[in-house]
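Student: I have a structure here, written as structure tokens, and I will follow up with some questions on it.
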Amino acid sequence: MSGLLLASEGIEHASDNSAILPIILALPLVGAVLILFTAKARPDLIRTIALTSTAGVAAGAGYALYVFETEDPGVQFYVSRNWVQALDIKFALGVTGISLMLVMLTGALCFLAVCGSKPDHDEKPYYVWLLVLEFACLGAFMARDVFLFFVMFELSIVPLYMLIGGWGHGRRVYAANKFFLYTLLASVLMLVAMVVLAVNAHAGLNGGITFDLDLLANNATGISTALGRWLFLGFAIAFAVKTPLFPFHTWLPDAHTEAPTAGSVDLAAVVLKLGTFGLLQYCVYLFPEAATFWAPTLLTLSVIGIVYGAAVAAMQKNFKRIVAYSSVSHMGFAVLGLFALNTIGIEGSVLVMVNHGIATGALFLLLGWLYKRRHTYEISELSGLQKVAPWFAGAFTVVMLASIGVPGLNGFVGEFLSLLGTFLAARWWAVVAATGVIIAALYLLWAYQRVFHGPVTEANKGFPELSWGERACIVPLIALIVFLGVYPTPLLERIQPSVKALVAHVEQHNDGWHEDVPERQPGTEIATEHDEGGTPAGQSGAGEHGAEGE
Amino acid sequence: MALSVALIPLLPLTGFVILLLFGKQLGEPWAGWLATAMVAASFLVACGVFIGLLDQHENVFVHDYFEWIPAGSFRVDVGALVDPMSISMVLFITGIGSLIHLYAIGYMHGDPKFPKFFLYLNLFVFSMLILVLGNNLLLTFLGWEGVGTCSYFLISFWFDDPANASAGKKAFITNRVGDWGFMVAMFVAFFTFGTLNYEAILADPSGVSQTAVTVIVLMLFVGAVGKSAQIPLYIWLPDAMAGPTPVSALIHAATMVTAGVYLMCRINPLIGAADSWVPWVIAWVGAITALVAASIACSQMDIKKVLAFSTVSQLGYMFLAVGVGAYWVAIFHMVTHAFFKALLFLDSGSVIHGMHDEQDMRRMGALKRFMPITAITMMVGWLAIAGIPPLSGFWSKDEILGKAFEAGGQGYALYAIGTVAALMTAYYMTRLIFRTFYGGENWRVTPVPEHGQTMAAAFAAMEPEARDAARDAVPDLDLAFTPEPAHGHIDAEYEPHESVWQMTVPLIVLSVLAITGGFLSLPFEGLNFFEKWLEPVFERSGVHEGEHSMALVVILLVVGAAVAVAGVLFGYSVWGKKNPSTQRALEPAAAGNGWYYDIVITRFMGGPGELLFNALAWFDRTIIDGAVNGVGVGLVAASQVMRRGQTGYVRRYALGIGFGTLVLLGFVLSKVLVS
């Protein structure tokens, strides 16, 4: 075990904040347990507990963001405990710049989702399931052990199933079953792939079994190229369903439409990111050679998803389904940038994940408030809302423009970098994908026109304006949307080192393959040489040290 | 210098933020005064920057403020590029902008959303200033999208009417087609140059692949065609007149729509380095747009629609100038056009205001008596755009035509097209003036269309006697156009009135500018101040001034003046006198309907386009989701079959076990016996 000991020692020097991730992770669980022991007749107390624990996660994640070493490409706040020693399964947590962003996103959006919506019955189980969902997602983003990740990934399905089935609208049982079966079946493939990888990789001590992510990524000597490509596919299908990538997307509109507001917000903002995050941290990091092999396929599917999702969104008659299909389109940008496999594209991809979480989370919150007032999502039932509720319309407009990708708001930066990175790697894909921005304007503005413009019909005359509580909930999101559009540097500078390390990792495992960077003209001065020629080794210190320990 | 340059856009932004937070509290008219003051202050600062720029090396000032997007080898800063071209743009944007803000205080009087209107206007000015001051393509794109978004807000400002809301959406989406081109151009530019900074891109494009430069220029041109309403993407601009008239003047005439021309002028070294056919494409698109739009303007009934098509046409002239390499002339015409077109729009707004929202010229006439200031200032605008010397439009338009002529080859054809369009321009503006300000008081005899009703329908529904009287006064009441929204509702007793001082003062200032603007640059050595001022911006464009004789210049000027006078006289002979048959002959329904181009596009989008999208939605529901559910159904069906075995009867299981044992026994026995 000396190698692994070294590994954790190597991390410690980075900071003394090793307790931070376990604390963040434990908070929702503690909240859930407390709620279980609270009387059912005290819904206000239950809500307070839920609010406090989710606020605690958000604050903790904010602290982590603050103390995070910006220049360090490796894993930070790493902690590890043995779980199943015989198989070297560990309860190992840690974040890179990439996963840190998603932890932060989870903390912020789960808190606002609780703030912005209330269940109409059975508060107790509702909040328990919400908190379990947050726990599972946080765990999946923090995990540095493939087995732990798998457990958390699977765990996230259960609470969402319960939330849709128990508190949803309309055909909620159908939607919940579809979601559960579809995502569960897909992850069975991942389970098989994971076991085959762990058994055959010989990456552990003395060539034994291990589930340690970094060891598997750097020391997997027993995996042939062909096997690696198959295993990649096993993981990728599970993530493609979760993302969702065309043509595995049809569970999403149903799940979104029938889910309660908080469920929709968490689903769009956080759960979908498990898919793209998985593609990044498990598919690309564990199988860098297979990633270059499968990249054209995944790029093609994302381009189809971007254009197709937008076109189908335009024809929906239910407002929530429009936003659901827009997620198919937007998540396509995340996968697109990722499989450009260059620094610009992957940074764009991570930004798309964060920005989509914020903008679509905000859209679902607003739609939830719309439903609370009118008990419908049908566009034909709504008209002239801007006249009766200018605040509501104003908030919706900003979020919508962010979602369309208007520069100056957050959505643009990620999409642009994603497309730019893709252009460098596969130009025609980027040119076609960019048409998605035209259709995005079409479906959202058209829906906006039908719902918010035009004369106020009788049924919408009494539409109440946003309450102060709701304003307090949406204003921080709008502030984030503007801030990250004008000044995304705080995110980019934390993401960049990890992304560079990942790209270097891919280069290392692909002989003669290099990241696509622009041709540089002699004479055109470029003021961008920050730290070229540094030593971007494996993605994490743990992997490096593990290798030395052998 | 860095601070004062930053102040130029920050002042309107401050106005926007204050109005966002306290707009309602400020209310009317203080919200308007605040917004006006912010833009006027920005203009004063810009004047200071202009004077400061004279001291700078080569009159250029560049400054990076902060890092906007750093990602890998990609990096874009928020930075300013102040050079003779951008400061000229800034001066006329803030100058005309503050006049239009002042005007809007009077025009928007009594509107319940008064503060919100000025909020959008200030945000617009901010975005426009970012567009022209940005020192890289991405920052220009930020402003580009910002002005587009404000334009969307302002076109659909009176969103209760579905037509206005549709017009806003149409403008945004049509522009998005152009934005796609802009984005692809940025990808190629980064791929080629490794940066999006103007300084680096424009420094020396001769060393890079000509194909790449050609693609960049063409894709940016796609963007410019969208923003500046050229063929084939011009359809959004006439509809954009649904917005309040100050918006039409500021955004859809003077500033935003010229952004495409600005962009083309900014990248002039790239146009010079692109394939040699690229400038001709630009010139031809411009010339044909100028001609087609002018021909449509000749048959419009809505006073703002005439001016809208006129704007499309004048923008075409600017692209013609860009295409023949006369970049400074494009900017020159942009400035004079901003003067006289803003004036014309504001005048039309004053007319509409005085006529209580009536926009149909068939219901106007004899208004000179009721609103003399509006009438006189609008006539200044008329003579300026018609190209009557020595007003501003004469100098800039003839400079463009002269440059086209000097280009030779295809240039002669372009010159001919431009001259025909100039003749039409003089004609349709004369028609507008005489229909509006002279003749009889037609609103007293013509019918009032109800909401959604066309004039032709209202006319057909009249009593026979009244109909004859109306036909005698106005010969073309039976012409119907699509779409033709009716706004006005004044009846025969209505008395038009002149506008308030907040509206007339900008009219007077702008008419002085429209008269004198041309003297910025006269085509004579020593008097071409504006040309000399802009010269350094375009010295890397690869265009070299040919030797041209003074005689040719004078001949072209005389021809230009003669064409303008001919157009005006012809217009007068038709519309200044009672000449119903000629009047009708000059208004073919096809031209009035914009040669049916817009209608065909709309039908296509509503027909095959929607059908395709619906087919995709059907495919998603039936095939893709059907496959998923099919797997589920298949599994259930399979389990139904399997289930038959699980009956729960012990005797059945016993039978099964017994049968199985027999088979096994038989198998084992056969093996044993055979061996």
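The values are calculated or read from the model by the stated rules, or taken from the named source; none is laboratory data. What you see is a predicted model; the values in this text were computed from it and never measured. So basically every Cβ, Gly included, is an ideal-geometry build from the backbone, and we count neighbours across all protein chains shown.
Student: Considering each of A:VAL151, A:VAL146, A:VAL158 in turn, give the residue that is closer than 20 Å to A:VAL241 by Cα, buried (at least 24 other Cβ atoms within 10 Å of the Cβ), β-branched (Val, Ile, Thr) and out of contact with any Lys or Arg (no Cβ under 8 Å at 6 or more places or on another chain).
Tutor: Result: A:VAL146 is the single residue among A:VAL151, A:VAL146, A:VAL158 that is closer than 20 Å to A:VAL241 by Cα, buried (at least 24 other Cβ atoms within 10 Å of the Cβ), β-branched (Val, Ile, Thr) and out of contact with any Lys or Arg (no Cβ under 8 Å at 6 or more places or on another chain).
Student: If I go through region A:450-469 residue by residue, how many of them are modelled with pLDDT of 90 or more, of a type in the set (Lys, Arg) and out of contact with any helix residue (DSSP H, G or I) (no Cβ under 6 Å at 6 or more places or on another chain)?
Tutor: The number of residues fulfilling the criteria is 0.
Student: Would you point out which residue out of B:SER166, B:SER156, B:SER127 is at the interface with another protein chain (Cβ under 9 Å from one of its Cβ atoms) and touching a Cys at 6+ places or on another chain (Cβ under 7 Å)?
Tutor: B:SER127
Student: Of all the residues that make up region A:135-174, how many are among the acidic types (Asp, Glu) and under 29 Å from B:ASN629 (Cα atoms)?
Tutor: Result for region A:135-174: 1.
Student: Taking A:ILE223 and the conditions (1) assigned to a loop (DSSP other than H, G, I, E, B); (2) within 14 Å of another protein chain (Cβ to nearest Cβ), which numbered condition does it fall short on, given that it satisfies the others?
Tutor: So A:ILE223 meets the others, but not (2).
Student: If you don't mind, another one. Can you report the number of residues in region B:647-675 which are part of a loop (DSSP other than H, G, I, E, B) and either surrounded by 10 or more Cβ atoms within 10 Å (Cβ to Cβ) or touching a Leu at 6+ places or on another chain (Cβ under 6 Å) (or both)?
Tutor: Start the filter on region B:647-675 by keeping residues that are part of a loop (DSSP other than H, G, I, E, B), which leaves B:647-649, B:675.
Now narrow it down to the ones that are either surrounded by 10 or more Cβ atoms within 10 Å (Cβ to Cβ) or touching a Leu at 6+ places or on another chain (Cβ under 6 Å) (or both): B:647.
So the count comes out to 1.
Student: Scan region B:47-102 residue by residue and report those that are among the charged types (D, E, K, R), more than 14 Å from chain A (Cβ to nearest Cβ) and either at negative phi or crowded, with 23+ Cβ neighbours inside 10 Å (or both).
Tutor: Once the filter is applied, which keeps residues that are among the charged types (D, E, K, R), more than 14 Å from chain A (Cβ to nearest Cβ) and either at negative phi or crowded, with 23+ Cβ neighbours inside 10 Å (or both), region B:47-102 yields B:ASP55, B:ASP83.
Rundown of residues vs (1) within 18 Å of B:VAL82 (Cα to Cα); (2) modelled with pLDDT of 95 or more, yes/no style:
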position	(1), (2)
B:LEU3	yes, no
B:LEU26	no, no
B:TRP30	no, no
B:PHE43	yes, yes
B:GLY52	yes, no
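Student: As an exercise: evaluate B:TYR234 against (1) facing chain A (nearest Cβ under 9 Å); (2) buried (at least 20 other Cβ atoms within 10 Å of the Cβ); (3) farther than 30 Å from B:GLU58 by Cα and give the number of the one condition it does not meet.
Tutor: (1) is the only condition that B:TYR234 fails.
Student: So which of A:ALA186, A:ALA203, A:ALA198, A:ALA175 ends up being in a helix (DSSP H, G or I), more than 13 Å from chain B (Cβ to nearest Cβ) and in contact (Cβ under 8 Å) with a residue 12 or more places away in the chain?
Tutor: A:ALA198
Student: To continue, here is another question. What number of residues in region B:190-227 are in a helix (DSSP H, G or I) and either in contact with a strand residue (DSSP E or B) (Cβ under 8 Å, 6 or more places away or on another chain) or facing another protein chain (nearest Cβ under 8 Å) (or both)?
Tutor: Step one: of region B:190-227, the residues in a helix (DSSP H, G or I) are B:190-193, B:198-203, B:205-207, B:210-227.
When the remaining residues are screened for being either in contact with a strand residue (DSSP E or B) (Cβ under 8 Å, 6 or more places away or on another chain) or facing another protein chain (nearest Cβ under 8 Å) (or both), the result is B:190-193, B:198-201, B:203, B:207.
Counting residues in region B:190-227 that are in a helix (DSSP H, G or I) and either in contact with a strand residue (DSSP E or B) (Cβ under 8 Å, 6 or more places away or on another chain) or facing another protein chain (nearest Cβ under 8 Å) (or both) gives 10.
Student: Can I ask one more? Restricting to region B:119-160, give me the number of residues that are within 16 Å of B:GLY226 (Cα to Cα) and small (Gly, Ala, Ser).
Tutor: Summing the residues that are within 16 Å of B:GLY226 (Cα to Cα) and small (Gly, Ala, Ser) in region B:119-160 gives 4.
Student: Mind listing whichever residues of region A:395-438 are among the β-branched types (Val, Ile, Thr), within 10 Å of another protein chain (Cβ to nearest Cβ) and under 14 Å from A:ALA359 (Cα atoms)?
Tutor: Passing the criteria: A:THR397, A:ILE404, A:VAL406, A:VAL413.
Student: Out of B:VAL641, B:VAL574, B:VAL565, which single residue is assigned to a helix (DSSP H, G or I) and exposed (fewer than 12 other Cβ atoms within 10 Å of the Cβ)?
Tutor: B:VAL641
Student: Consider A:ALA441 carefully, then state whether it is in a helix (DSSP H, G or I), facing chain B (nearest Cβ under 8 Å) and out of contact with any Pro (no Cβ under 8 Å at 6 or more places or on another chain).
Tutor: Details: in a helix (DSSP H, G or I): yes; facing chain B (nearest Cβ under 8 Å): yes; out of contact with any Pro (no Cβ under 8 Å at 6 or more places or on another chain): yes.
Answer is yes for this residue.
Student: Out of everything in region A:479-521 that is acidic (Asp, Glu) and within 8 Å of chain B (Cβ to nearest Cβ), what residue ends up being surrounded by the fewest Cβ atoms within 10 Å (Cβ to Cβ)? Let's see the steps before the verdict.
Tutor: First, pick out the residues of region A:479-521 that are acidic (Asp, Glu): A:493, A:507, A:511, A:515-516, A:519.
Filter again for within 8 Å of chain B (Cβ to nearest Cβ), leaving A:493, A:519.
Working: A:GLU493: 16, A:GLU519: 14.
If we take residues in region A:479-521 being acidic (Asp, Glu) and within 8 Å of chain B (Cβ to nearest Cβ), then A:GLU519 is surrounded by the fewest Cβ atoms within 10 Å (Cβ to Cβ).
Student: Within region B:58-71, does at least one residue satisfy the condition of being within 24 Å of B:ILE331 (Cα to Cα), polar (S, T, N, Q) and assigned to a helix (DSSP H, G or I)?
Tutor: Within region B:58-71, one or more residues are within 24 Å of B:ILE331 (Cα to Cα), polar (S, T, N, Q) and assigned to a helix (DSSP H, G or I).
Student: Now, a different point. Tell me, which residue of region B:134-153 that is within 7 Å of chain A (Cβ to nearest Cβ) and free of Cβ contacts under 8 Å to residues at least 24 places away in the same chain is farthest from B:LYS304 (Cα to Cα)?
Tutor: Here the answer is B:LEU142.
Student: Looking only at region A:359-378, decide whether some residue is in a loop (DSSP other than H, G, I, E, B), among the hydroxyl-bearing types (Ser, Thr, Tyr), away from chain B (no Cβ under 14 Å) and closer than 18 Å to A:TYR443 by Cα.
Tutor: yes
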